[in-house]
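Comments concern the structure below.
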Amino acid sequence: MNSVKTYTVDEAKQKLEHYCSYQERCHNEVVEKLRLMRMIPDAIDLIIVHLLDNNFLNEERFACSFARGKHRIKGWGKIRIVNELKFRSISKYNIDIALKEISPEEYLSNFHKLADNHWQNMKERDTLKKRKKFCDFLLRKGFESNLIYEKVKDLESGK
């Protein structure tokens, strides 16, 4: 017989406290986890309120942590970070606060390191193809097009 584990509200609270303590989570992730645990909507609301009241769930803290981590570890630009946070239903207010976690100096420094490294390691010989691949890579990473096009001009002129 295939029995599905059921949880009391208290068991689910405890499980979700651990889930949120382990790593910052957004509302959507927590709600999805509770749905997978087959909790009813009233229980989900109750548990969410508990997690918020006890500071296990904090959208601003999640957004800030997300922005810092994705920029420093994955090398994402602001456009990609904003889009990913919007996808997770994070408010514009919290997105703006999160972007302040990345100083302009750190942002540009990481951009130039990533761009220089990618340019050096590209095997493409055809100049136009190399330029296109380089720009596409940095656009996918979420950097601003004006930064990218300025950088490609500098690299091609050997600066």
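None of the figures in this text is laboratory data; all of them are computed from the coordinates on show. Being a predicted model, the structure only gives us computed values, none of them experimental. Every residue, glycine as well, gets a Cβ built from its backbone with ideal geometry; the counts of neighbours run over all protein chains shown.
A compact table of results
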| quantity | calculated |
| --- | --- |
| Some residue of region 121-134 being basic (Lys, Arg) and in a loop (DSSP other than H, G, I, E, B) | yes |
| The listed residue being basic (Lys, Arg) and over 22 Å from Glu32 (Cβ atoms), out of Lys100, Lys70 | Lys100 |
| Selection from region 135-159 of residues that are assigned to a loop (DSSP other than H, G, I, E, B) and more than 21 Å from Arg72 (Cβ to Cβ) | Ser157, Gly158, Lys159 |
| Residues of region 21-51 satisfying the condition of being assigned to a helix (DSSP H, G or I) and touching an Asp or Glu at 6+ places or on another chain (Cβ under 9 Å) | His27, His50, Leu51 |
| Scan of region 60-77 for residues that are over 10 Å from the mean Cα position of the chain (by Cα), charged (D, E, K, R) and under 21 Å from Arg140 (Cα atoms), ordered by number | Arg72 |
| Which numbered condition Arg80 fails, given (1) buried (at least 17 other Cβ atoms within 10 Å of the Cβ); (2) touching a residue at least 40 places away in the same chain (Cβ under 8 Å); (3) under 30 Å from Thr6 (Cα atoms) | (3) |
| Test: residue in region 84-99 that is at positive phi, assigned to a loop (DSSP other than H, G, I, E, B), buried (at least 18 other Cβ atoms within 10 Å of the Cβ) and not hydrophobic (A, V, I, L, M, F, W, C) | no |
